[in-house]
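Only one structure is covered here, and it is reproduced in the block below.
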Amino acid sequence: MVLAERTRPESALHPTVQPDPLARARLSGDGPSEAEIPTIAAWFEDRPAEEVVAWALRLFGSGCPLVCSFQNCVLIDIATRIDDQVEVIFLDTGSHFVETLAFVQDVQARYGLNLKVITPGADADTWPCGSERCCEFRKVLPLDRALTDRTAWMTGLKRVDTPARAHAPVVGWDTTRGMIKVNPLARWSHDDLARYESDHRLPVHPLRGRGYLSIGCSPTTRPVTPDEDVRAGRWPGSGRTECGLHTA
Ligand code: SF4
């Protein structure tokens, strides 16, 4: 499918409702404070993802990049319908599947993405792939550096992903980084995601059909069987369920 076939939902471009008046009043300021976030989160709890994304991109502009693992491109599809120059950050750990890197290229070409690929610093060499602090040096610290001077960041995090994410707000406060974190898909189920991909005929990560339902780095990801949890293949045998990006 080519870009010209995509349609822009009017509801996404012109949200019929506006968030908390405090947030609306600060459109030209620094954005809402930490204390205002719960009110905004409550406002958006039942709103469509398109409205959440539109609010964030209009309020924060380039101060709110979309951080994407490229397991799918649902949030990219939603965000680029609203702002086709939204900055998309991909953390290239150096250990991704070749299929993931190919998918990044495909999606970048399809959408003409304003893509920023972040690589680890030299400090990562001390921690080989899969070691205890590998994620910290290949994901967390590079993201921290990429988010310096930003006001907010947006992710495709879903509550159904892990127990630790079960109460993730649609709009929250990232205490570690001291900034707003926007999770427009927080309330979505795995079926919601698949339905959006199908309805909008989105490209699908090439490993999905081979049993990789949650896809991270190649040394620490395996496919899952039909009776396993979607994320059972991440860091298998280690007891880990998170890389640290979403622990704030
Ligand atoms: S997911 Fe695995 S290989 Fe990738 S950064 Fe984390 S520990 Fe390292």
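Among the residues of region 198-218, at least one is of a type in the set (Val, Ile, Thr) and part of a loop (DSSP other than H, G, I, E, B).
Please determine, by comparing only the residues of region 219-233 that are assigned to a loop (DSSP other than H, G, I, E, B) and under 21 Å from residue 68 (Cβ atoms), which one is farthest from the ligand (Cβ to nearest atom). Let's see the steps before the verdict.
Our first condition is that a residue be assigned to a loop (DSSP other than H, G, I, E, B); within region 219-233, this holds for 222-233.
Restricting the remaining residues to those that are under 21 Å from residue 68 (Cβ atoms) gives 230-231, 233.
Numbers: 230: 16, 231: 12, 233: 12 Å.
By that ranking, first place goes to 230.
Where strands (runs of 3 or more DSSP E) fall wholly inside region 145-195, the ranges with 3 or more residues that are under 19 Å from residue 89 (Cα atoms) and not polar (S, T, N, Q) are 152-154, 179-182.
All conditions but one from (1) of a type in the set (S, T, N, Q); (2) surrounded by 19 or more Cβ atoms within 10 Å (Cβ to Cβ); (3) more than 16 Å from the ligand (Cβ to nearest atom) apply to residue 189; the one that does not is (2). If the Cβ limit is 8 Å and pairs must be 6+ apart or interchain, which residue in region 148-177 that is under 19 Å from residue 55 (Cα atoms) pairs with which residue that is of a type in the set (Asp, Glu)? If the second residue must be of a type in the set (Asp, Glu), the pairs left are 151/30; 153/174; 169/45; 170/45; 173/34.
Looking only at residues of region 79-127 that are loosely packed, with under 14 Cβ neighbours inside 10 Å and hydroxyl-bearing (Ser, Thr, Tyr), we find that the one that is farthest from residue 56 (Cα to Cα) is 126. When residue 77 is tested against the conditions (1) in contact with a His (Cβ under 7 Å, 6 or more places away or on another chain); (2) closer than 30 Å to residue 127 by Cα, the lone failure is (2). For residue 91, the conditions (1) within 16 Å of the ligand (Cβ to nearest atom); (2) more than 13 Å from the chain's Cα centre (by Cα) all hold with the exception of (2). Residue count for region 61-78, restricted to those that are in a helix (DSSP H, G or I) and either surrounded by fewer than 21 Cβ atoms within 10 Å (Cβ to Cβ) or of a type in the set (S, T, N, Q) (or both): 4. Looking at region 58-76, is at least one residue in contact with a strand residue (DSSP E or B) (Cβ under 9 Å, 6 or more places away or on another chain), among the aliphatic types (A, V, I, L, M) and at pLDDT below 95? Yes, the conditions are met somewhere in region 58-76.
Against the list (1) among the hydrophobic types (A, V, I, L, M, F, W, C); (2) closer than 27 Å to residue 219 by Cα; (3) more than 16 Å from the ligand (Cβ to nearest atom); (4) part of a helix (DSSP H, G or I), the condition residue 115 fails is (4).
Contact map, region 234-248: residues that are within 8 Å of the ligand (Cβ to nearest atom) paired with residues that are of a type in the set (D, E, K, R), Cβ distance under 7 Å, separation 6+ or inter-chain. Pairs shown: 243/139. Can you tell which of 47, 81, 58 is of a type in the set (Lys, Arg), part of a loop (DSSP other than H, G, I, E, B), away from the ligand (no atom under 16 Å from the Cβ) and more than 17 Å from residue 145 (Cβ to Cβ)? 47 is the lone residue from the list that is of a type in the set (Lys, Arg), part of a loop (DSSP other than H, G, I, E, B), away from the ligand (no atom under 16 Å from the Cβ) and more than 17 Å from residue 145 (Cβ to Cβ).
Residue-by-condition table, conditions (1) in contact with a Pro (Cβ under 9 Å, 6 or more places away or on another chain); (2) closer than 21 Å to residue 131 by Cβ; (3) not charged (D, E, K, R):
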site: 189; (1), (2), (3): no, no, yes
site: 194; (1), (2), (3): no, no, yes
site: 205; (1), (2), (3): no, no, yes
site: 211; (1), (2), (3): yes, no, yes
site: 225; (1), (2), (3): no, no, yes
site: 229; (1), (2), (3): no, no, no
site: 241; (1), (2), (3): yes, yes, yes
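The values are calculated or read from the model by the stated rules, or taken from the named source; none is laboratory data. Computed from a prediction, not measured in an experiment: that's the story for all the values here. Using ideal geometry, Cβ is built from the backbone for each residue, glycine included, and neighbour counts are taken over all protein chains shown.
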